[in-house]
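Take a look at the structure below.
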Amino acid sequence: MPTDDWHLTRDLDAFLTRAGAFLHSQPDLHTLPLTVTENLRTRGRHIYGEGVPEFGVLEQDGAVRATFFRTPPHRLNLTVLTAEEADALAARLAALGQRLPGVHADRDTATAFAEAWQRHTGATATLRQRQRLYRLGTLTVPRPLPPGGPRIAGKADREQLIRWHDEFVAAVGTGVFADAAEWANARIEQGGITFWETPDGTPAAMAGTTLQVAGQVRVAPVYTPPHLRGRGYAGAATAEVSRAALAAGAREVLLFTDLSNPTSNGLYQRIGYRPVADFAAYDFTGRSATA
């Protein structure tokens, strides 16, 4: 009979030693754990909040089958699990007294875990967001481009980045987000945000990219203030950072979209992004959810 077990730890190095090869085996589907753990490794374990990050590795007959991570106060993030595996993990975490605010994973895994968490804890699970992961195929720069051009954000743009980060988080409402100031500092240091500026030098939109991990870069975030939307600024900025990522040697360029926004999904497909998989985020409220 096959045997499996979850190995739980708060030791990032131990987690990566056990699960690193597994995460690199499907870097597109594992883009979030790869980028989050790289940020934790390079910038410190409290960049996403004051809580201590938690990790888990599911092994079956000595081989890694799945992983999870959580950076409190954010949701549990899972790689692909069967319904039975999701139920077993929910039972394990509930028995340990875990209080989870929610879960994020591929659509089927997220749904299975949310249903299992309800059964084992009495909490209420509410679908918060449906997402689609895209991979860039052939880049097609949108034409005509809006007036102006791209510029990489620098130190003088720090307050602008902090303000737009907070506006983006408020608009999106789901994800693993760092402190705004820490995020701005890191992105300025790595040249990780590009503005699309109007001809008078006013930033009209921003598009960012993560550090390259496992040969891939993820476009995030993309943001245009509400009063400047519908003019092509976000598409131009996204195409520019996608081009730059390829020029810097990325084998794959990825991004997530909110499926409730047909405008952005249509835009990214016109630029050349193609669907990879659907994801979902659930919120937990009630008896066994965080306050």
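I need the strands (runs of 3 or more DSSP E) fully contained in region 1-120, keeping only those with at least 3 residues that are open to solvent by less than 20 Å² (accessible area, probe 1.4 Å) and within 23 Å of residue 257 (Cα to Cα).
Details: elements: 4-9, 54-60, 63-70, 76-78, 102-106.
Hits in region 1-120: 63-70, 76-78, 102-106.
From the list 207, 184, 178, which one is open to solvent by less than 50 Å² (accessible area, probe 1.4 Å) and touching a Leu at 6+ places or on another chain (Cβ under 8 Å)? So that I can check it myself, show each step before the final result.
On the way: 207 fails: touching a Leu at 6+ places or on another chain (Cβ under 8 Å); 178 fails: touching a Leu at 6+ places or on another chain (Cβ under 8 Å).
Going through 207, 184, 178 in turn, just one is open to solvent by less than 50 Å² (accessible area, probe 1.4 Å) and touching a Leu at 6+ places or on another chain (Cβ under 8 Å): 184.
Among the residues of region 144-162, which ones are within 24 Å of residue 217 (Cα to Cα) and open to solvent by 50 Å² or more (accessible area, probe 1.4 Å)? If you could, list the steps in order and put the result at the bottom.
Taking region 144-162 and keeping what is within 24 Å of residue 217 (Cα to Cα), we get 145, 149-155, 157-158, 160-162.
Result: 145, 150, 151, 152, 155, 158.
What residue, of 214, 170, 250, is under 28 Å from residue 44 (Cα atoms) and surrounded by fewer than 18 Cβ atoms within 10 Å (Cβ to Cβ)? Outline the logic, then answer.
Working: 214 fails: surrounded by fewer than 18 Cβ atoms within 10 Å (Cβ to Cβ); 250 fails: surrounded by fewer than 18 Cβ atoms within 10 Å (Cβ to Cβ).
Exactly one of 214, 170, 250 is under 28 Å from residue 44 (Cα atoms) and surrounded by fewer than 18 Cβ atoms within 10 Å (Cβ to Cβ), namely 170.
Which condition breaks for residue 194 when tested against (1) surrounded by 21 or more Cβ atoms within 10 Å (Cβ to Cβ); (2) over 24 Å from residue 39 (Cα atoms)?
(2)
Determine whether residue 191 is assigned by the TED database to the domain that holds residue 231, farther than 26 Å from residue 72 by Cα and modelled with pLDDT under 95.
Numbers: assigned by the TED database to the domain that holds residue 231: yes; farther than 26 Å from residue 72 by Cα: yes; modelled with pLDDT under 95: yes.
Here the answer is yes, as residue 191 does meet what is asked.
The values are calculated or read from the model by the stated rules, or taken from the named source; none is laboratory data. Predicted model, so just to flag it, every value in this text is computed and none were measured. With ideal geometry, Cβ positions are generated from the backbone for all residues, glycine too; neighbour counts draw on all protein chains shown. Areas reflect the complete protein model, heavy atoms only, side chains present, ligands, DNA and RNA absent. Shrake-Rupley method; radii C 1.70, N 1.55, O 1.52, S 1.80 Å.
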